[in-house]
Amino acid sequence: MRITVIGVGYVGLVTGTCLAESGNEVTCVDIDQNRIERLRRGVLPIYEPGLEEMVHRNGAEGRLRFSTDLGAALENSSVVFIAVGTPQSETGASDLSALWSVAKAIRGQAAHGLLVVIKSTVPVGTNRELEERLNRNGQFLFETASNPEFLKEGHAVEDFLRPDRVVVGTRTPEATRLLHALYAPFLRNGKPFLVMSPESAEMTKYVANAMLATKISFINEMANFCEKCGADINDVRQGMGHDSRIGFQFLFPGAGYGGSCFPKDVRSLIAQMGKAGEPSTLLRAVDEVNEQQKGVLLAKVREQLGDNLAGKSVAVWGLAFKPNTDDIREAPALVLLRGLLAAGAKVRVYDPKAMDNVREVFGDELEYALSAPSALKGCDALVIATEWPEFRNPDFETMRRSLRQPFVVDGRNLYDPEQMARMGFVYSGIGQRKVPLSRPAQAA
Ligand code: NAD
């Protein structure tokens, strides 16, 4: 099948590449000329495990092209996927301006009828409005469908190739058949192809993200109380998660959720519900808990080193909003960095993939280390904000010797508090019970 994908970000690039991988001819179109030129030279705008190799291979085999010329791309296509950003506006509602500008371009440049599929996360009712806007001249040329994307950054290629489910919102059997034919190669493992109305499909995406965000805020709030009452969230998770009605997934305490989806999708749903006269109490609390949680790492640093951090140096490991991505949008680490700098600290950072993106925001306000161990030298604290695999088993002895004060704030509970205390670290995780030092807390 010939396909156009509009918007070549995380979702568009992964979608286009994976659809090419299954034998389709795909043209990925973006308004960002620089992005398209770099992609033509094989330079990807994002880091995703496995993606670069697939882009190069499908490009070399002639199934994947990059262009800024929408009209030419549409000429040969029977289906178009829209994957442009739908960021949060000032009011918290979704900003659909990119989507509407794409709608105008399709209407102006398509020479024949098309199935237009919205992959971007959009408020309920957007598909219907898009269909109205596309067919405004009275002739019904364009049908729309919803196909929300559930990929996880850092795991995006794998999620697209082997999805838990595919959700489509369609109004005609033809649209359903076309989308089923496209997705069948990815559903050979028996996972479901779920067909529903566009409204239900749009809603499904928000509800899934709101549920995941709710789990995170729930466990974070419980973790904070564990610290106050002498319980340990790791033990509590075990006791709770073995209940098969509850389980363990997405119930890890941390420094709050970030990224380009959960924060804006929760707020968009709050805005949609408010507009419909069904204001949400629960989701407002989820959002509020998350905002507070982003301050937890700084509070722990201050508890140990004092409110004024002038003259103190702090190392931060992990800046991306989660491991295996270079995405720093709404990352809890950014809140921590701003807080540390405002309190007067010198901050040295390390992240395996997100350094360039952080440098764009903070410039020379930070020091950038070349490796995790080299970030530690002479620092009064190490704060871990993202659980990259390489942080899981460091050389603790070298870590202790490198730090001026062996103080570790672990925002992802990577280490065992008792072992850390035995090795001479003052160690503070999230929701873990305090273990007194069993050897002097001094750097050697
Ligand atoms: P992104 O910001 O990485 O990419 C968006 C791309 O769209 C950019 O390359 C931009 O230049 C391009 N664009 C903007 N206006 C355009 C126009 N008029 N014509 C052509 N291209 C245009 O966004 P993303 O993270 O891929 O997210 C896209 C959508 O998918 C959003 O609605 C998001 O909520 C949703 N989503 C994202 C993820 C994720 O993990 N990132 C997961 C599921 C769903």
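Of the numbered conditions (1) more than 11 Å from the ligand (Cβ to nearest atom); (2) touching a Ser or Thr at 6+ places or on another chain (Cβ under 6 Å), ARG133 satisfies every one except a single condition; which is it?
Condition (2) is where ARG133 drops out.
When you go through GLY12, GLY42 one by one, which is the residue that is within 21 Å of ILE106 (Cβ to Cβ) and either assigned to a loop (DSSP other than H, G, I, E, B) or within 13 Å of the ligand (Cβ to nearest atom) (or both)?
Exactly one of GLY12, GLY42 is within 21 Å of ILE106 (Cβ to Cβ) and either assigned to a loop (DSSP other than H, G, I, E, B) or within 13 Å of the ligand (Cβ to nearest atom) (or both), namely GLY12.
Suppose we filter ARG392, ARG401, ARG412 for residues that are closer than 19 Å to LYS353 by Cα and either in contact (Cβ under 8 Å) with a residue 40 or more places away in the chain or not assigned by TED's automatic domain parsing to the domain that holds LYS346 (or both); which single one remains?
Only one candidate passes the filter, namely ARG412.
Which ranges mark the helices (runs of 4 or more DSSP H) fully within region 188-299 that have 3 or more residues being surrounded by 21 or more Cβ atoms within 10 Å (Cβ to Cβ)?
198-229, 262-275, 282-293
Would you point out the residue of region 10-26, among those that are open to solvent by 10 Å² or more (accessible area, probe 1.4 Å) and more than 24 Å from the chain's Cα centre (by Cα), that is nearest to ARG38 (Cα to Cα)?
Out of the qualifying residues, it is GLU25.
In region 265-307, how many residues are of a type outside the set (Lys, Arg), touching an Asp or Glu at 6+ places or on another chain (Cβ under 8 Å) and closer than 18 Å to GLY92 by Cα?
Counting residues in region 265-307 that are of a type outside the set (Lys, Arg), touching an Asp or Glu at 6+ places or on another chain (Cβ under 8 Å) and closer than 18 Å to GLY92 by Cα gives 3.
I'd like to verify a number: residues in region 85-106 that are away from the ligand (no atom under 13 Å from the Cβ), touching a residue at least 24 places away in the same chain (Cβ under 8 Å) and farther than 20 Å from ALA208 by Cβ, how many?
1
For region 15-39, give me each residue that is under 17 Å from LEU182 (Cβ atoms) and within 13 Å of the ligand (Cβ to nearest atom).
Across region 15-39, the qualifying residues are THR15, GLY16, THR17, THR27, CYS28.
Any idea how many residues of region 311-359 are touching a Ser or Thr at 6+ places or on another chain (Cβ under 9 Å), over 18 Å from GLU390 (Cβ atoms) and not in a loop (DSSP other than H, G, I, E, B)?
3
Name the single residue, out of those in region 384-404 being touching an Asp or Glu at 6+ places or on another chain (Cβ under 8 Å) and within 25 Å of ASP307 (Cα to Cα), that is surrounded by the fewest Cβ atoms within 10 Å (Cβ to Cβ).
ARG404
Is it true that some residue in region 355-367 is within 16 Å of the chain's Cα centre (by Cα), closer than 23 Å to PRO263 by Cα and not assigned by TED's automatic domain parsing to the domain that holds GLU288?
Yes - at least one qualifying residue is present in region 355-367.
The values are calculated or read from the model by the stated rules, or taken from the named source; none is laboratory data. Worth saying up front: this structure is predicted, and the values here are computed from it rather than measured. Neighbour counts run over all protein chains shown; Cβ positions are idealised from the backbone, glycine included. To get the accessible areas, we keep the full protein, side chains included, count just its heavy atoms, and leave off ligands, DNA and RNA. Shrake-Rupley method; radii C 1.70, N 1.55, O 1.52, S 1.80 Å.
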